[in-house]
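Report on the following structure.
Taken together, the values in this text are just the output of simple stated rules run on the coordinates, not laboratory data. Quantities reported herein were computed from a predicted structural model and do not represent experimental measurements. As a convention, Cβ positions derive from the backbone with ideal geometry for all residues, glycine included, and neighbour counts pool all protein chains shown.
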């Protein structure tokens, strides 16, 4: 599988929270996308709490990486399911309850840091 375009999506929070007034992205997507950009991949990062994602780019990506936490997990896995049905490889990271993972994913679990996963898939 050739990998050129990679999207990162940080799922927006479903309601008011401590950072609602001043949205601050979680660091995982920013750090991993910067590393992968420096390795030559075409990367775009979408932080839903800051701006609407470019679904055209996302739906034409070779890989979509989704960052989620338990409050955003339901929507994250719905998006992952939709993208996977269209043939896009999806990688989900973040802190969520394991029951979400078991219900939505039918893939191998790779216990690697994100920097190692994407070149491994290429």
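I need 13, 86, 61, 67 ordered by Cβ neighbour count within 10 Å, fewest first. Display every interim value, and only then the final one.
On the way: 13 17, 86 7, 61 22, 67 25.
Ranked by crowding around the Cβ, least crowded first: 86, 13, 61, 67.
Taking the Cβ of each residue in 56, 33 as the centre, tally the other Cβ atoms inside 10 Å and list the residues starting with the fewest.
Numbers: 56 7, 33 19.
The order, fewest Cβ neighbours first, is 56, 33.
Just rank 57, 8, 22, fewest to most, by other beta-carbon atoms within 10 angstrom. Don't skip to the answer; put the middle values down first.
Details: 57 14, 8 27, 22 6.
With the fewest neighbours first, 57, 8, 22 line up as 22, 57, 8.
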